[in-house]
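Below you'll find the structure, written out as structure tokens, and then a few comments.
FYI, it's all coordinate maths here, none of it is from the lab. Keep in mind that what you see is a predicted model, and the values were worked out from it rather than measured. Cβ sites come from the backbone with ideal geometry, for glycine too, and all protein chains shown count toward neighbours.
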Amino acid sequence: MRIFKCVLRDTLRLLLRHWGVSLLTLLTAASVFFLVGASALLLVNLRSMVQKVEAGLVIQAYVKNVEDLQALQGSVAAIPGVSRVEKVHPEEALQRLGATLQGHTQALEILGENPLPPSFEIRLSRASFAPGVVRELLGYPQVEDVVYAGKLAERMAHISSFAGHFSLGALLIAVVASSLVLYNTIRISIYSRREEISVMLLVGATPTFVALPFVLQGMVLGILGSLGASLLLGGVYASFTDFIRETVPFLQIIEDPRLFLRLGLILMGGGITLGWISSWLAVGRYVRQAIRPI
Amino acid sequence: MDIRISGVAKVFPPDIVALEDIYLTVSRGEFVYLVGTTGSGKTTLLRLITREVEATRGHLTVGDFVLRKMKSLDLAFYRRDVGVVFQDFKLLSHLTVTENVAFVLEVLGMPPREIRERVGEVLERVGMWRRRFLYPEQLSGGEKQRVAIARAVVNSPSILLADEPTGNLDTHTAEDVMQLLLSINASGTTVIMATHNKYIVDAYRQRVVELRGGRMIRDEKRGRYEEDENF
């Protein structure tokens, strides 16, 4: 407990002694974590939009006879990527057409016999499955034609994939940048205390005792930086959603407070872990060198 | 703790021989002067004992510790029993006299009350109690050395290594510091003191070990700084 108090006091001393460097590190870490959080929010929103579009994405597969509906349903449902298959009988198709035409039902009377073929309405779990599912469907001799919003499906798949790659890239850059900044801050602290460290080691301080204040310093900077980023992100996102709601109301942005709580916790977890790893690497290396006899 | 040095050599890269074929045993409670010209190997020998330097050849044991095979945690515990005083004091400039001395005990996790008591005692002993709130830059050379000695002995180590402790001091102050080291030795601490100070060595006769070019050329009980012609 006494050693812990001593370590805490040393950590505070380190943070305050180089308050300028500490502040700079905090700002840099906060900016980096802000970037990570913003790209995560972008990804989550894009995914949500993609999911909504995907949920409405339907492949219409026309078959020759009504009997084919029963015969093919199982096989179609088993195609990878298919989430739901619905049979549409010619009568039902006609009813739907009537509902769509509303006041113009006399057009249907002109037709006389129902010309609409039986079909399957197929929904996918992801838009990217569409081309594969269409290929499979066209392979069945009973299937006469397949109609789907191919371009839209492909574009959505591309956007989703791009958002994923962008977020991953941003995350990697952020991890490397914040690690380097934290690592260098700890190195500066170590450098400023090198004489103290050498005396500590000479009088019998254990390597862990020497390293702990620096590791805590890194963790504190990491967590404070990510906390600052989370708060800033919350404020900016709230203003952004207000703006979107007023100017582009059809664009549905996620406004779930639990999302922010989760994101904040993830960022702080990331901050503390990065702080711990970078400072441990910096101080561990230094202490190992310092105790190694010449 | 006895110090046993057997056939020790130290060669710094590429081929600078700092010590060669050193055999030396220092018993518990002894006072030993290490004398010799600059570059004779005095400091290297002291740093071998603190394990800042590792011997290229030979064996070095201090008490039960075999210095060549020591893990970092064992090294920490070993060093708690070896106090070191440097010519340039190595006091921490941002700490007061009290804090500089207390620092050692804090590192060891001693309770605050015990730290206060011990620091008070040792500062009284070295005559620095009244200057305890000052910072190193506010002290004279002799006072700094007293604080450095206080820091080295506050943990009651078995061995005190002093590297030119009177090197930066005038004769009168050097004598004060010497008296202090002798009183520490009298309380049972082994003292090994590397020095150039002929006056001190001759005035306070103790065992003298002389090094020249990394080799031990003299080991004399109650010797003088320079070899006695009749020796």
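For peptide B:50-59, the mean count of partner chain Cβ atoms within 10 Å of a residue's Cβ comes to 2.
Each stretch of four or more DSSP H residues adds -39500 (n - 2.57); spread over every residue of chain B, this sum gives -10000 deg cm²/dmol at 222 nm. Residues B:47, B:146, ranked from the fewest to the most other C-beta atoms within 10 Å, line up as B:47, B:146. In this rough spin-label picture, where each label sits 7 Å from Cα along the Cβ direction, the residue A:110-residue A:159 distance is 3.7 nm. Is there a pair in B:198/B:221; A:5/B:69; B:10/B:144; B:69/B:90; B:144/B:198 whose C-alpha atoms are over 24 Å apart, and which pairs would that be? In this structure, A:5/B:69; B:10/B:144; B:69/B:90 exceed 24 Å between Cα atoms.
What's the angle, to the nearest 10 degrees (0 to 90), between helix B:112-125's Cα axis and the longest principal axis of chain B? That works out to roughly 70 degrees. Partner shielding of A:278-291 amounts to 1, given as the average count of beta-carbon atoms from other chains within 10 Å of each residue beta-carbon. For the peptides A:234-241, B:87-94, B:76-83, B:208-215, residues were scored by their other Cβ atoms within 10 Å and the scores averaged per peptide; the highest-first order is B:76-83, B:208-215, B:87-94, A:234-241.
Using the alpha carbons alone, the radius of gyration of the protein assembly as shown stands to its Kirkwood radius in an Rg to Rh ratio of 1.33. Counting only other chain Cβ atoms within 10 Å of each residue's Cβ, the peptide A:202-215 averages 5.
Divide by every residue of chain A the summed helix terms, -39500 (n - 2.57) for each DSSP H run of at least 4, and state the resulting mean residue ellipticity at 222 nm, rounded to the nearest 500 deg cm²/dmol. Mean residue ellipticity, 222 nm, calculated: -26000 deg cm²/dmol.
For the range A:58-148, the Kirkwood radius over C-alpha pairs fed into Stokes-Einstein at 4 °C and 1.567 mPa s yields D = 93 µm² per second.
The overall shape of the range B:97-198 is oblate: from the C-alpha gyration tensor, with semi-axes ordered a ≥ b ≥ c, the ratio a/c is 1.5 or greater and a/b is no larger than b/c.
Placing R0 at 22 angstrom, the Cβ-Cβ distance between residue A:180 and residue A:8 gives a FRET efficiency of 0.25 after rounding to 0.05.
The long axis of helix A:257-291 is offset from the longest Cα principal axis of chain A by roughly 40 degrees. Full extension of the chain between residue A:89 and residue A:258 gives 56.5 nm of extra length, using 0.36 nm per residue less the Cα-Cα distance.
Treating only the Cβ of Lys, Arg, Asp and Glu as charged (+1, +1, -1, -1), what charge dipole size does the protein assembly as shown show about its Cα centre? Round to the nearest 20 debye.
Value, rounded to 20: 1440 debye.
Against chain B, whose longest principal axis is taken from its Cα atoms, helix B:97-107 shows a tilt of about 70°.
With only Cα atoms counted, chain B has Rg and Dmax values of 17.5, 55 Å.
Would you kindly give the portion of the calculated P(r) for the range A:146-227 that falls above 21 Å, as a percent of all Cα pairs?
Details: 1844 of 3321 pairs.
That fraction is 56 percent.
For chain B, modelled as a GNM with alpha-carbon contacts under 10 angstrom, which of B:75, B:180, B:45 fluctuates the most? In the Gaussian network model the winner is B:75. Summing Lys and Arg as +1 and Asp and Glu as -1 over all other residues whose Cβ lies under 10 Å from the Cβ of residue A:214 gives a net charge of +1. In the distance distribution for chain A, Cα-Cα pairs more than 34 Å apart total 50 percent.
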